[in-house]
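Down below is the structure, laid out as structure tokens.
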Amino acid sequence: MKDNKTVKFIDYKSDHELLKNRAKKLALKVTSDLTDVAQDESSRDYVQFSVGGDGFAIETSIVKEVLETDEIVDVPCTPDFIRGVVSLRGHICSVIDLRIFLGLLGETSASNNMILFLSTGEVEFGILVDEITDVFPVSKDEIKHLPTGGASSDRYSLGITEGRVTILDGEKLLADPLLIVS
Amino acid sequence: MISGDLRTRLLGAFRGECRERLLVLSSDLMKMEMGADEENIRLLIESSYREVHSLKGAARAVGLSAVEKFCQSFESFFSVIKKNSLAPSKAVCGVMVGWLDILEELITNEEGSDSSLSAGPAMVALAKMDEFVGTPALIIAEADGQKAETPSVKEHSAVDLEIEVEPQIPTARMSMGDTVRVDSSFLTGLLLQTEELLSSRNSQEVRASEVNKLNSEFSEFSRFFKDLLVDQKNSADESDDLFSVKMERKMDAFAKRLDLLASSTQKAHRDLSSKVDTLLSEFKSSMLLPFSSLLEVFPRMVRSLSSDTGKQCYFKMSGESVRIDRRILELLHDPLMHMVRNSIGHGLETPTERIAKGKNPTGNIYFEITQTDRDIVRVAVGDDGQGIDLSKLKGLALKQGLLSSQEIDELDHSALLELIFLSGMSTSDIITDISGRGLGMAIVRDRVESLGGSVTISSEMNKGTRFILKIPVALTSFRGIVVESAGRKFVVPKSGVTKVLLVRQNEIEAVGGKETIVYHGKPIPIITLSDILELGSVNKEKITFPAFIMGEGVKTVAVSMDELHGEQNVMAKPMGPLLQKVRNVSGFTMLGTGILVPILHAPDMIRTALGVSSGAKVQSFSHQQGIKEVKTVLVAEDSITSRTLLKNVLEAAGYNVVTAVDGLDALNRLKSELPDILVSDVEMPHMDGFTLTAEVRKMQRSASLPIILVTSLGSQEHREKGVDAGADAYIIKSSFDQGNLLEVIQRLA
């Protein structure tokens, strides 16, 4: 009899509609869900970190986790920017030295092996960072576009905040075929 | 309305649910028909009512209104029975089974609009339900009353049943049998998880030996401490005495517990490892499929392809019952398909050409599958067509600038054939130039090698072409040799290594700017692993170093490294999305110690080695004259097999080895020249290992010589006897593997 009650309850038109919408939303694929949410809001959260003395920020939605590891295993015969691989709970994950990939000048502090793991579901890798400095919301109009000088670091830059933090286009970075070693 | 992706997924889930619910319903109805007591009938009705109700809800969710309506009527029918606590008569039960068939039909019917209800059987069934609901008495009435109508329904259901015999529903019924259909990706996932247990097992092994080591170190320490106490006792006063007694007791208790821990850890390790091994091997064998499951499409393909190209072809297979990992089978599909296509398209001649050559107009294409080894399957694929035109191959290689004309002249027949595996040879214009052999052969080789296999080719003009593939039976776990170079560890698949040698610095000769050693009477290039992997040279000053002989024939090279760390089972992990193809590296693995190391790709290494060694790079400084002292090991062992094995193992690890055939012989050798370490068997003629040990200890100059006893006598008593005699280590042969012994030697020498 309990069943019947539930059925009646759902039969209320508005509730029915509500639940249906919820069900739809739940059934949506995660990626599209993320972009949906992201587009709705004008301000998004960014993780701020430093690499070679420069400040960068990347959207929290693509940051999977942060890990401090003792050992990154070198992979022979790979480009310089591939710093190596680490085992992330049994899965092999490449670690990229953003400093080399973006052609930055500063030095990565050798002592700190802090890795920021980025993922879009399909592609996934870690980037080596000196430290995570902040997580803060940035609205679209706070990002100031800079005239691009053609430097490789500009390719992934969405702009710069007032605090001189370069906002990186994480999805573009993740989708970049240049990163794939084949 | 829900649409698209969501609907498809919902429908999938719905079908699965229906299958289960219909099964329950039909078994309920069957039981009802068989007759049961009142209480049981009530329960069955209740269960059926619930199933139909749930089915109705599910149908509504996916928008199959016809199913929903039908279930609605069905449900009210059951509710009438329920309300009046009726026991449906046999005839009515039969009618209900008929309805179930109609329901199945409706569910199978995808669009599920109301119109499908207007089909004959469904309409009759609905009317019937209404009638029953209107006059419940009919439900219990035995056949008489409805005789006129029941048959009509039954007839329909009978028709339905016949239709149903073919499509999906039977599988639903069969799934209750002995076999279960499981999604293969689910099985693969399970296997991967099972394989993860291997690393648990490995680390457990490391932990167990660590505890053992700790235990023996502690017992040594406590022995030392007790000796100290005895010395002190004479001089010490009362309070000190009390303290030492207490201390001694504590230490004894601790030692006991540690010993217990050590043995239980050891036992737990053995337990785990036997369970994991059994689980894994059984799981793996469940993943094995016969080749026939892959090859059954081939005869038809060959037929249609040969008729398309106007050729006559006879296709022959043998050994298709050989079983192999299904994942490998899947990966082999494309390469095999490709080779067969090549054979038909470019290997076989047209019937007229064949007759002109004096051949049978019908060509042959064959597959010969044999299991050559426990872990290796050999697949020969070939044809008796025109073979590969070497002169055209040469011309093409020249044209593509792959080789200079001088280099080509140096190549022999088989080396020339190898050219077709080069990706430069697989451009589309070759198809016409050299009959297409080569298109995609690079891909074939890549695929086969990535599976840990190899592919070789032989071909003779006008006789045919034959490819031989050697493929591992299982995919992920293989034997690997752990090596070290430039301070980093790597794993080299054992299958890629022909032989392990110990190379002395003075055996290396520079020939034309290349370093070479003599192997089987022929000079072969020798290259350091760090040069192959571009690790930069970290020169370890050594006189001898281990080297692998890799490759075959003209492609034989020696690869030298700094250290050899023994052999172990290796489970490969894929490299992740970013590293799709890295030269020389095929994956990663977790060593027992939990260190992640790259797995090297043997064929790539050979190619790199040959490339590097023929390049301008002069290698003469790679193997620098070293000053590191080579340790000498005296091996006393009466069995020639064991002796040779030990000698090889130790030499490979960089030791100078002197052998003795028994204890007496060893003692004599020892007297004439003192080694750095003695490795001795226990059971030997003339003088056994215990006596030898005791004798060696007696002599002053060898009193502190490290002695390792290697034996099959594993009892505690023998172990103690060995310790009493003064041996430093006691290795049981059953637990004896190279790594273990080498580690002990390294520690003691």
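Given charges of +1 on the Cβ of Lys and Arg and -1 on the Cβ of Asp and Glu, with all other atoms neutral, how large is the dipole of region B:292-472 about its Cα centre, in debye to the nearest 20? Display every interim value, and only then the final one.
On the way: 22 positive and 24 negative charges, 113 e Å.
That gives a dipole near 540 debye.
Calculate the FRET efficiency for A:L19 and B:I355 from the Cβ-Cβ distance with a Förster distance of 56 Å, rounded to the nearest 0.05. Mind showing how you got there, number by number?
Working: r = 76 Å, r/R0 = 1.36.
After rounding, the FRET efficiency stands at 0.15.
For region B:477-614, calculate the relative contact order in percent as a whole number, restricting contacts to Cα pairs under 8 Å that are 6 or more residues apart.
On the way: 273 pairs, mean separation 42.3, N = 138.
Relative contact order comes out at 31 percent.
Distance check, please: which entries in B:K56/B:K128; B:K392/B:K470; B:K311/B:K359; B:K226/B:K698; A:K144/A:K172 exceed 21 angstrom between their Cα atoms?
Values: B:K56/B:K128 19 Å; B:K392/B:K470 28 Å; B:K311/B:K359 13 Å; B:K226/B:K698 24 Å; A:K144/A:K172 18 Å.
From the list (B:K56/B:K128; B:K392/B:K470; B:K311/B:K359; B:K226/B:K698; A:K144/A:K172), the Cα-Cα distance tops 21 Å for B:K392/B:K470; B:K226/B:K698.
Under the definition of partner shielding as Cβ atoms of other protein chains within 10 Å of a residue Cβ, what is the mean value for peptide A:74-84?
On the way: counts 5, 8, 16, 12, 8, 1, 0, 0, 3, 0, 2.
Rounded to a whole number, the mean comes out at 5.
Could you go through region B:686-695 in sequence order and give the Karplus-derived ³J(HN,Hα) for each residue, using 6.51 cos²θ - 1.76 cosθ + 1.60 with θ = phi - 60°, rounded to whole Hz, and x for Gly and Pro?
Each residue of region B:686-695 in turn: 6, 8, 7, x, 5, 5, 4, 4, 4, 4 Hz.
With +1 on the Cβ of every Lys and Arg and -1 on the Cβ of every Asp and Glu, and nothing else charged, how large is the dipole of region B:632-748 about its Cα centre, in debye rounded to the nearest 20? Mind dumping the intermediate values first?
Numbers: 11 positive and 17 negative charges, 54 e Å.
Here the size comes out at about 260 debye.
Suppose R0 equals 60 Å. What FRET efficiency, 1/(1 + (r/R0)^6) with r the Cβ-Cβ distance, do B:R701 and B:S285 give to the nearest 0.05? List each step's numbers first, then the result.
On the way: r = 57 Å, r/R0 = 0.96.
Efficiency, from the Cβ-Cβ distance: 0.55.
Given the peptides B:126-138, B:678-690, arrange them by the average over their residues of other C-beta atoms within 10 Å, most packed first.
B:678-690, B:126-138
Please list B:C313, B:C18 from largest to smallest accessible area, probe radius 1.4 Å, with all protein chains kept in place.
Working: B:C313 35, B:C18 0 Å².
The residues order as B:C313, B:C18, largest area first.
Want the number for B:E720 to B:V630: 0.36 nm per residue separation, take away the alpha-carbon distance, what's left? Can you show the working numbers first?
Values: separation 90, 0.36 × 90 = 32.40 nm, distance 3.17 nm.
Between B:E720 and B:V630, full extension yields 29.2 nm more.
Send over a whole-number figure in Å² for the accessible area per residue of region B:279-408, probe 1.4 Å.
Numbers: 6330 Å² over 130 residues.
Counting only protein heavy atoms, the per-residue value for region B:279-408 is 49 Å².
What's the ranking of B:64-76, B:365-377 by average number of surrounding C-beta atoms within 10 Å, highest first? Write down the numbers at each step before the final one.
Details: B:64-76: 21.8, B:365-377: 16.2.
Top to bottom by mean Cβ count within 10 Å: B:64-76, B:365-377.
Can you pick out the pairs among B:K522/B:K647; B:K357/B:K394; B:K555/B:K647; B:K631/B:K721 whose Cα atoms lie more than 26 Å from each other?
As for pairs spanning more than 26 Å Cα to Cα, those are B:K555/B:K647; B:K631/B:K721.
Can you find, among B:L258, B:N215, B:S185, the residue farthest towards the positive end of the dipole of region B:184-270? Put +1 on the C-beta of Lys and Arg, -1 on that of Asp and Glu.
Of the options given, the answer is B:S185.
If the chain between B:T108 and B:S414 were fully stretched, how many nm would it gain, using 0.36 nm times the residue separation less the Cα-Cα distance?
Working: separation 306, 0.36 × 306 = 110.16 nm, distance 5.93 nm.
Fully extending the segment from B:T108 to B:S414 adds 104.2 nm.
Count, for each residue of B:683-696, the Cβ atoms from other chains sitting within 10 Å of its Cβ, then give me the mean as a whole number.
Per residue, the average neighbour count from other chains is 0.
In terms of the Cα gyration tensor, with a ≥ b ≥ c the square roots of its eigenvalues, is region B:477-614 rounded because a/c is under 1.5, prolate because a/b exceeds b/c, or oblate?
Cα axes put region B:477-614 in the prolate bin.
Enter the mean number of other protein chain beta carbons within 10 Å of the beta carbon of each residue in B:50-58, as an integer.
Working: counts 1, 0, 0, 3, 1, 0, 1, 4, 0.
That average works out to 1.
Are there any residues in region A:85-105 with a reduction of at least 20 Å² in accessible surface when going from the isolated chain to the assembly of protein chains? Probe 1.4 Å, please list them by number.
Hits at the 20 Å² cut-off: A:V85, A:S87, A:G90, A:I92, A:S94.
Taking a ≥ b ≥ c as the square roots of the Cα gyration tensor eigenvalues, with a/c under 1.5 meaning rounded and otherwise prolate when a/b beats b/c, else oblate, which class fits region A:43-179? Spell out each step's value before the answer.
Values: a/c = 1.64, a/b = 1.47, b/c = 1.12.
Taking the square roots of the gyration eigenvalues as a ≥ b ≥ c, region A:43-179 is prolate.
List the residues whose amide H sits under 5 Å from the amide H of B:G363, counting only those 5 or more places along or on another chain, with H placed 1.01 Å from N in the peptide plane.
For B:G363, the qualifying residues are B:Q312, B:C313, B:Y314.
So how much accessible area does B:K256 have, in Å² to the nearest 10, using a 1.4 Å probe?
150
Can you order the peptides B:509-522, B:206-219 by their average number of other Cβ atoms within 10 Å per residue, highest first?
Numbers: B:509-522: 13.6, B:206-219: 16.0.
Peptide ranking by packing, descending: B:206-219, B:509-522.
To the nearest 100 Å², how much accessible surface do chains A and B cover up together, summed over both, with a 1.4 Å probe? Can you show the working numbers first?
Working: alone 11740 and 38600 Å², together 47940 Å².
The contact between B and A buries close to 2400 Å².
Which length gain, in nm to one decimal place, applies between B:M317 and B:E507 when the Cα-Cα distance is subtracted from 0.36 nm times their residue separation?
Taking 0.36 nm per residue and subtracting the Cα distance, the gain is 63.5 nm.
With the Cα gyration tensor of region B:292-472 giving a ≥ b ≥ c as the square roots of its eigenvalues, does the rule (a/c under 1.5 for rounded; else a/b larger than b/c for prolate; else oblate) give rounded, prolate or oblate? Don't jump to the answer; show the numbers that get you there.
Details: a/c = 1.88, a/b = 1.17, b/c = 1.61.
It is oblate, given that a/c is not under 1.5 and a/b is not larger than b/c.
The values are calculated or read from the model by the stated rules, or taken from the named source; none is laboratory data. Just so we're clear, the structure is a prediction, and the values are computed from it rather than from any experiment. For neighbour counting, all protein chains shown are included, and Cβ atoms are generated from backbone atoms with ideal geometry for every residue, glycine included. Note: areas computed on protein heavy atoms with side chains; ligands, DNA, RNA excluded. Shrake-Rupley method; radii C 1.70, N 1.55, O 1.52, S 1.80 Å.
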